[in-house]
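Notes for the one structure printed next.
The values are calculated or read from the model by the stated rules, or taken from the named source; none is laboratory data. What you are looking at is a predicted structure, and each value in this text was computed from that prediction instead of being measured. Here the Cβ is made from the backbone with ideal geometry for all residues, glycine too, and neighbour counts use every protein chain on show. When the accessible area is computed, the model is the full protein with side chains, heavy atoms only, and any ligands, DNA or RNA have been set aside. Shrake-Rupley method; radii C 1.70, N 1.55, O 1.52, S 1.80 Å.
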Amino acid sequence: MLICILSLWLKTFLVSSITFTININQYFEAIIFAVNPLIFLSIIFGLGLFFKPKLQFKYFFTITLLLTSVLYANVVYYREFSDIITLPMLLMSSNMGDLSTSIVALINWFDIFYFLDIIVIAYFFFKRPVWIKAIKVPFKESKAVITTVLIVITIIISQVNALDKAHAFNRQQLIQSLGLYNFYIYDALVQTQTSTQTVFAEKEDLTSILDFLDEKRVAPNEDLFGIAEDMNVIVVSLESVESFVIGETLHGEEITPFLNELIEDSFYFENFYYQTGQGKTSDAEFLVNTSLYPLGRGAVFLTHAENEYRGLPQTLANRGYYTANFHANDISFYNRHIMYPNLGYDHTYSFGDYDISLLNSVGWGMKDIDFVEQTMDYMAEIPEPFYSTLLTLTNHFPYELDEEDHFIEPFDSESDIVNQYFPTVRYTDEAMRIMVDRLKEEGLYENTMLVMYGDHYGIAKSHYEELSKFLGKEITLHEEIKLERVPLIIHIPGVEGKILNTISGQVDVMPTLLNLLGIPEGEHIMFGNDLFTKERENFAVLRDGTVITDELIFTNEICLDYETGEERPLDDCEDIREKGLLELYYSDQLIYGDLLRFDEQ
């Protein structure tokens, strides 16, 4: 037992320290971080002492293997997503087939070292040297120990509840405070609480949220109200496209030549941040179509697809728009077959509607150029005015693309992911050019407002060392936050464009589009604000609790100056931290309680 405990504790401590983002500033924090997993392991393995000697070896080995698997799974997941696996993510198990390409790319040959101690422990347990003995501890003689364990468990649960009440959305901080294994006790308690929240929710719960939103609401820009009234709307999700590629070159060639050209005649928001959680692309769709924040655990599309929402597609459908979604993937992926009708889409064109073959597919599915060409055939036939959303796929991790489809050569670094990213971004850019050309050919361009946004990051933090070679500078914490920016382009034919530097996020897209289309906000419950109004604050909160303003940045219990990146006293960020937490907290409560069912509008 001691071998298992010491082996797992040492491995957990080292891996957690090296892999996860741990911000320890005091000796006491370091002690807690080190001791937490040891306490958990001592309790779990200690339970095995009450078993018969023959069962003890099997129990100890099984627990060691199970916890090592949990540790390793989080290491692999963190490499790409810089996050921890939560219990709601188990709902994604049905999608694992679609994720297989990404998962394989995350596994390294040296990962075998995570399991070396398992091999040694297995040898000892099956050979059973004479010095390894199993002794059953009588239950009656262990009352003092059991009492102590119960007290420790009570303290852990109390600590967990305290964290929950503080709206601890940052899992990095939770891992530091609780330890990886105790985190799952916390997650299980949160899962229990949130799963019953709908049953006990009341209309009064919505009232407090409405009061909060009324206080932060600012009037939209009156001058732009209805400037795109009755126009078709096409919204394109640019898979994994980040802002750092916009306007940049590689090997003397533009990385996004068409987007650069489009931006010259469009509204471009250069400080626009993605706000997705573990649902990634589906979370971005949720943000854009509801102006609510996604949940911090799991994906809204999977956990709360049958809630009542006030979706942008439904709003437009009620005003005579035909609403359609185009995505060349299985419609059941992320519960889209349930969520899309709930948001108000009239029709979804998915995998079965496209002519897909090995020749026009790569990585996650259909190549963007083929996808756009076939989509435009459908779009030319649907009734006007229409609201159409398109989800691109080619620029998806691990960024695979046949060499004959390269419009630009890969980058040269030690990271294949960084190298391959640029050709796939360039390919998606070319697909957007073809889409706009087809709009002009079909006579749709002049009466269509075109919206393009990046859904989430493309290059994970684990590749920042190599990415810094392209950027030509060290990626400090300040630069890391800047890399959370994604492009937002709003193109209205005949309207002069402009580059805007307002700090904003995906939650602001829906109120912006409503105003441009001449639809009053009154009937909607939204956490975002019109991007064009001069009264709006420069403010964005990310799903992990990071807050960005035009003066300060708060992230992972660190306060930075927005302009210089210099660290500021943590108290300087207290106000924006609290505001960000309230935004996320109230949005979560609205979703967990399905509170929009109480809205009488």
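Do we find that Tyr585 is hydroxyl-bearing (Ser, Thr, Tyr) and more than 21 Å from Gln172 (Cβ to Cβ) in this structure? Let's see the steps before the verdict.
Working: hydroxyl-bearing (Ser, Thr, Tyr): yes; more than 21 Å from Gln172 (Cβ to Cβ): no.
So Tyr585 fails the test.
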> Is it the case that some residue within segment 58-66 is at pLDDT 85 or above, in a helix (DSSP H, G or I) and in contact with a Cys (Cβ under 9 Å, 6 or more places away or on another chain)?
Replying inline: yes
> Applying the selection to segment 108-137, what residues are at pLDDT 70 or above and of a type in the set (A, V, I, L, M)?
Replying inline: Ile112, Leu116, Ile118, Ile119, Val120, Ile121, Ala122
> Of Thr323, Thr290, which residue is open to solvent by less than 10 Å² (accessible area, probe 1.4 Å), over 19 Å from Ile591 (Cα atoms) and at pLDDT 95 or above?
Replying inline: Thr323
>> Tell me which helices (runs of 4 or more DSSP H) are completely within segment 177-237 and hold 3 or more residues being in contact (Cβ under 8 Å) with a residue 60 or more places away in the chain and open to solvent by less than 30 Å² (accessible area, probe 1.4 Å), or say none if there are none.
In response: 180-195, 203-216
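Considering only segment 533-551, how many residues are part of a loop (DSSP other than H, G, I, E, B) and either open to solvent by 20 Å² or more (accessible area, probe 1.4 Å) or at positive phi (or both)? Steps first, please.
Applying the first criterion (part of a loop (DSSP other than H, G, I, E, B)) to segment 533-551 yields 533-538, 542-546, 550-551.
Keeping just the survivors that are either open to solvent by 20 Å² or more (accessible area, probe 1.4 Å) or at positive phi (or both) gives 534-538, 544-545, 550-551.
Residues in segment 533-551 being part of a loop (DSSP other than H, G, I, E, B) and either open to solvent by 20 Å² or more (accessible area, probe 1.4 Å) or at positive phi (or both): 9 in total.
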>> Could you go through segment 402-410 and let me know if any residue there is under 28 Å from Gln275 (Cβ atoms) and either touching a helix residue (DSSP H, G or I) at 6+ places or on another chain (Cβ under 9 Å) or of a type in the set (Ser, Thr, Tyr) (or both).
In response: no
>> Of everything in segment 307-320, what is of a type in the set (D, E, K, R) and either closer than 18 Å to Met231 by Cβ or surrounded by 20 or more Cβ atoms within 10 Å (Cβ to Cβ) (or both)? Give them in sequence order.
In response: Arg310, Arg319
>> Condition first: surrounded by fewer than 19 Cβ atoms within 10 Å (Cβ to Cβ) and within 19 Å of the chain's Cα centre (by Cα). Now tell me which residues in segment 378-406 satisfy that.
In response: Pro398
> Among the residues of segment 492-516, which ones are open to solvent by 10 Å² or more (accessible area, probe 1.4 Å) and in a loop (DSSP other than H, G, I, E, B)?
Replying inline: Pro493, Gly494, Val495, Glu496, Gly497, Asn501, Thr502
>> For the list (1) open to solvent by 10 Å² or more (accessible area, probe 1.4 Å); (2) acidic (Asp, Glu); (3) within 27 Å of Ser237 (Cα to Cα), I need the number of the one condition that Glu583 fails.
In response: (1)
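Anything in segment 550-588 that is of a type in the set (Phe, Trp, Tyr) and touching a residue at least 60 places away in the same chain (Cβ under 8 Å)? List them, or say none. Show your work before the answer.
Looking only at segment 550-588, we keep the residues that are of a type in the set (Phe, Trp, Tyr), and these are 554, 562, 585-586.
Correct list: Tyr585, Tyr586.
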> Inside segment 561-580, can you point out the residues that are crowded, with 18+ Cβ neighbours inside 10 Å and either touching a helix residue (DSSP H, G or I) at 6+ places or on another chain (Cβ under 6 Å) or closer than 30 Å to Leu302 by Cα (or both)?
Replying inline: Arg577, Gly580
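Touching a residue at least 60 places away in the same chain (Cβ under 8 Å), open to solvent by 20 Å² or more (accessible area, probe 1.4 Å) and over 15 Å from Leu6 (Cβ atoms): is that true of Ile84 in this structure? Break it down into steps so the answer makes sense when it comes.
Working: touching a residue at least 60 places away in the same chain (Cβ under 8 Å): yes; open to solvent by 20 Å² or more (accessible area, probe 1.4 Å): no; over 15 Å from Leu6 (Cβ atoms): yes.
Judged against the criteria, Ile84 is not a match.
So that you can scan it fast, the table gives a plain yes or no per residue for (1) more than 25 Å from Glu253 (Cα to Cα); (2) open to solvent by 10 Å² or more (accessible area, probe 1.4 Å); (3) in contact with a helix residue (DSSP H, G or I) (Cβ under 9 Å, 6 or more places away or on another chain); (4) free of Cβ contacts under 8 Å to residues at least 40 places away in the same chain:
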{"residue": "Glu414", "(1), (2), (3), (4)": "no, yes, yes, no"}
{"residue": "Tyr427", "(1), (2), (3), (4)": "no, no, yes, no"}
{"residue": "Glu446", "(1), (2), (3), (4)": "yes, yes, yes, no"}
{"residue": "Ile459", "(1), (2), (3), (4)": "no, no, yes, no"}
{"residue": "Glu466", "(1), (2), (3), (4)": "no, yes, yes, no"}
{"residue": "Lys469", "(1), (2), (3), (4)": "no, yes, yes, no"}
